[in-house]
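What follows is a set of notes on a single structure, which appears directly below.
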Amino acid sequence: MTEDTPSFILTASQELQLLSDQEVGSMLHLFAEQTEDQYNYSAIDNTLVDDSSHSKIFIEKFEPESGVPFPSPELPIAPAQPSIIINEDYPGPYDFEISLKPQAGNNTWVYSEKLNKIYTLISQSIPIDFKWKAPMESMYVRATPLYSALQYAQTMVKRCLLHCSPLEPSNLNIPNGLYDHVLRCQDSNAYYYGSVEANTFLNVIVPLGQPQVGTEFVRVMYSFVCNNSCPSGMNRKALEVVFTLEDQDGKVFGRKKVHVRVCSCPKRDKEKEEKDYVKHSLKGKKFVRSEKKQYSSNSSLDTKKYDLNVNICGKENQKFGVRMIHQMITIQSLENSSNAELKLNKEYLRAYLKSLD
Ligand SMILES: [Zn+2]
């Protein structure tokens with residue numbers, strides 16, 4: 001792997017800034033060694049072209065082997081990159097609409113009409129139908145994941161450290177520029193925009209073409225590749241995706257948002273949140289759809305000690321595993337600075353990591 005490796009590490013986690021230079025340096029070294037030794041990404045790197053602002057990922061020759069989505073070499077359009085992305089629904093002049101039709105009995109993802117919210121397992125394909133009047137050939141739909149709470153309006157939604165790792169199965173055989181993206185699109189003509197390094201929102205854009213004969217919509221498949229609960233990623237913050245109908249120059253003609261929860265029990269969580277919604281409605285109180293509020297109180301912080309005794313092939317792999325856990329505990333410790341258990345655990349892991357050198 002060439003110069004792309006260090007840039008990935010830094011872009012994959014701004015949390016690394018919280019750690020010492022020495023830790024970051026050794027992390028870079030570790031990733032560089034592992035990816036070069038164990039994974040042949042050279043074919044992919046040769047086809048990955050960033051523009052000058054690192055905002056566009058653009059593949060020319062790479063043929064996916066695993067059916068994972070990739071951008072095509074077609075003409076990209078200028079990305080709209082305001083510092084705050086508006087999430088108000090706007091049907092616009094073409095009555096832009098989206099719809100979701102989950103299949104009965106399929107519990108891998110469900111949709112709540114009441115809450116306008118998708119509940120899905122990680123990495124599940126979700127079909128979203130886009131409808132707009134007077135369909136023209138040159139319209140596009142951009143999907144931008146955002147945090148719902150206003151205080152996080154400028155915070156980029158990006159994947160956690162663990163899911164950004166080159167060792168993560170969902171990252172095999174894909175360009176490393178896609179590792180940070182929480183939202184993937186299965187359309188072979190999708191383009192990925194944005195960069196953690198440049199602090200521009202990550203999003204994916206697809207040319208819509210025209211509805212097939214006998215239909216009024218165009219269907220696009222998406223999947224989410226991080227859980228809402230991932231500690232060094234979304235960290236339980238409420239998530240939404242804003243879909244914008246755009247022309248070739250990035251001019252917006254319509255906007256629709258949908259709330260999203262990526263979790264391990266979509267059906268159960270949907271039922272629970274719908275029940276809570278009805279309860280709050282009956283009480284006449286405003287229902288606050290804040291997962292941070294629901295799931296991250298100090299009472300839910302798990303500081304019980306669990307044993308981890310596993311045999312791992314390879315010294316570097318062992319160090320990598322310990323380093324990842326150390327980073328996650330470091331971040332949790334910073335977020336819960338008064339917690340002595342986490343602080344002790346962080347120091348223990350740091351010492352243990354040193355002993356492995
Ligand atoms: Zn994750």
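Table for the structure above
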read-out	value
Test: residue in the stretch 170-183 that is touching a residue at least 24 places away in the same chain (Cβ under 8 Å), touching a helix residue (DSSP H, G or I) at 6+ places or on another chain (Cβ under 8 Å), farther than 30 Å from residue 275 by Cα and open to solvent by 50 Å² or more (accessible area, probe 1.4 Å)	yes
Some residue of the stretch 214-221 being open to solvent by less than 30 Å² (accessible area, probe 1.4 Å) and within 19 Å of residue 131 (Cα to Cα)	yes
Residue 199 being open to solvent by 10 Å² or more (accessible area, probe 1.4 Å), more than 14 Å from the ligand (Cβ to nearest atom) and closer than 22 Å to residue 162 by Cα	yes
Selected residue (criterion: farthest from the ligand (Cβ to nearest atom)) from residues of the stretch 157-169 that are open to solvent by less than 10 Å² (accessible area, probe 1.4 Å) and within 25 Å of residue 83 (Cβ to Cβ)	157
Hits in the stretch 117-156 - residues which are within 16 Å of the ligand (Cβ to nearest atom) and either modelled with pLDDT under 95 or in contact with a Ser or Thr (Cβ under 6 Å, 6 or more places away or on another chain) (or both)	121, 123, 124, 147, 155, 156
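The values are calculated or read from the model by the stated rules, or taken from the named source; none is laboratory data. Given the structure is predicted, the values throughout are model-derived calculations rather than measurements. Every residue, glycine as well, gets a Cβ built from its backbone with ideal geometry; the counts of neighbours run over all protein chains shown. Only protein heavy atoms, including side chains, enter the accessible area calculation; ligands, DNA and RNA are left aside. Shrake-Rupley method; radii C 1.70, N 1.55, O 1.52, S 1.80 Å.
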